[in-house]
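Throughout, read-outs are computed from the coordinates displayed, never taken from laboratory work. If you're wondering where the values come from, they're calculated on a predicted model, not measured in any experiment. Every residue, glycine among them, receives a Cβ derived from its backbone with ideal geometry; neighbour counts consider all protein chains shown.
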Amino acid sequence: MNEYAALLENVRAKKPLVHHITNYVTVNDCANITLAIGGSPVMADELADAMDIAAISSAVVLNMGTLNERTIPVMLAVGKSANAKGIPVVFDPVGAGASKPRNETAAKLLSEVALAAVRGNISEIRFLAGLRSHTKGVDASDADLAGASDAKQAAKSLAERTGGVVAVTGAQDVITDGKKTVSVSNGVAMLGSLTGTGCMCSSLIGCYLGANPDKPFESVTAALLSMGIAGEIAHERAGHLGSGSFRAALHDAMSRMDASVLERRAKYDEA
C-alpha cells in the first residue's frame, strides 16, 4: 500500500469533523463529498456557534465564494482560534483578484491566519502570489490557463510566503510545500462542467488533513488524487448521460473509494 492509500484508510477510520465556512452555491456538494470520503461535515457561520464548532473540529475550511460583511470577521476569528488549538486551516480563495472585497479578505487571511493549505485555480494562485493574473470571476481566465506552465513557480512562491501547502487545480494539479512538488494528472475535463468541484477539493483536503495532520503535503496530494480518480470513474460510468448524471456518479465514486482503487489508479509525478 502506498502512502496516499494509507492516508485514505485513516480518513475512513477516524471520520474527521470538518468545519466549513463556505458559500451557499456549493455548500450541499461540499457536505456530501465530505461524507462520501468518510468525514463528518458541519457548516456554521454565526460567530458564537462557529467558534464552538471549530474548537471541536479536526480541520477548518474557509471558502470565500459568496462573501458578505457578516462572515468575513467570522472566518478570521475562527481561523485564529483554530491556529491557537493546532487545528489545520484550509483556505479556498474563490475569485481572488476579481474584486476589492475578495482581494482585501484574502490579504487578511494570508497575513493573520496560519494556513495549512491553500487551494485555488491558476488565476487565484497567481494573484495571491503577487503575479499578474486575469481572473474571470470565480473561474481561471483563458489567458492564465494558457500560461499554466507557470503554476509550479506561482505555487512555490505562495507556499514560501504562507509556510503551508499550496495546490493549483486544473487540467493537471500542482501541489507544493515550497520544497517538494507533485503533479497529479488524474481527472477529466467534464469536472469543469460542474459548479463546485474546486470547493469539493478543498473539503477533501480538510478531511485528509483532519485525519492526518502530521502529513500536510501528502494529505493535499491524496485529496486531489481522490477527486481526479473519482472524476474518471464517474465519467466512465455516466459521462455519456450528461452533467447531472455525472454529478451523481462523482459522489458515488467517492463514496466507494478505497485504498486499492486509489493505489491502482493514481497518476502523479514528483518534481
Cα-centred dipole magnitude for the chain, charges only on beta-carbon of K, R (+1) and D, E (-1), debye, nearest 20: 180 debye
For segment 32-46, take each phi angle, set θ = phi - 60°, evaluate the Karplus expression 6.51 cos²θ - 1.76 cosθ + 1.60, and give the result in whole Hz per residue in order, putting x for glycine and proline. 6, 5, 4, 5, 5, 7, x, x, 10, x, 9, 10, 9, 10, 7
Which one of GLY242, ALA54, PRO101 has its Cα pushed farthest toward the positive end of the charge dipole of the chain, where Lys and Arg give +1 and Asp and Glu give -1 at the Cβ? PRO101
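With both bridge residues required to lie in the chain, what share of the DSSP beta bridges run antiparallel, to the nearest 5%?
Antiparallel bridges make up about 40 percent of those DSSP assigns within the chain.
Report the local net charge at ILE53: Lys and Arg +1, Asp and Glu -1, summed over other residues whose C-beta lies under 13 Å from its C-beta. Kindly include the intermediate steps, with their values, before the conclusion.
Details: positive: LYS85; negative: ASP45, GLU46, ASP49, ASP52.
In short, -3.
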Phi to ³J(HN,Hα) by Karplus 6.51 cos²θ - 1.76 cosθ + 1.60 over segment 67-76, Hz, x for Gly, Pro: 5, 8, 4, 6, 8, 4, x, 5, 4, 5
Segment 79-122, relative contact order in percent, only Cα pairs under 8 angstrom and at least six apart counted: 52 percent
With just the Cα atoms defining each centre, how far is segment 222-271 from segment 91-116? Give it in Å. 29 Å
Which residues' amide hydrogens lie under 5 Å from the amide hydrogen of VAL165, considering only partners 5 or more residues apart or on another chain, with H built in the peptide plane? ALA117, VAL118
Table column - 3J(HN,Hα) (Hz), segment 176-183, Karplus curve with 6.51, -1.76, 1.60, x for Gly and Pro: 8, 10, x, 10, 9, 9, 10, 10
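From the Cα gyration tensor of the chain, with a ≥ b ≥ c the square roots of its eigenvalues, which class applies: rounded if a/c is under 1.5, or else prolate if a/b is larger than b/c, or else oblate? If you can, show how the numbers build up before the last one.
Numbers: a/c = 1.34, a/b = 1.13, b/c = 1.18.
Since a/c stays below 1.5, the shape of the chain is classed as rounded.
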Pairwise Lys count, the chain - Cα closer than 15 Å, eight or more residues apart or different chains: 10
Taking the chain and dividing mean pair separation by its residue count, relative contact order in percent (alpha carbons under 8 Å, at least six apart): 22 percent
Förster-model FRET efficiency, 30 Å R0, GLU104 and SER260, C-beta, rounded to 0.05: 0.05
Protection proxy ranking of 160-169, 117-126 - average other beta-carbon atoms within 10 Å, highest first: 117-126, 160-169
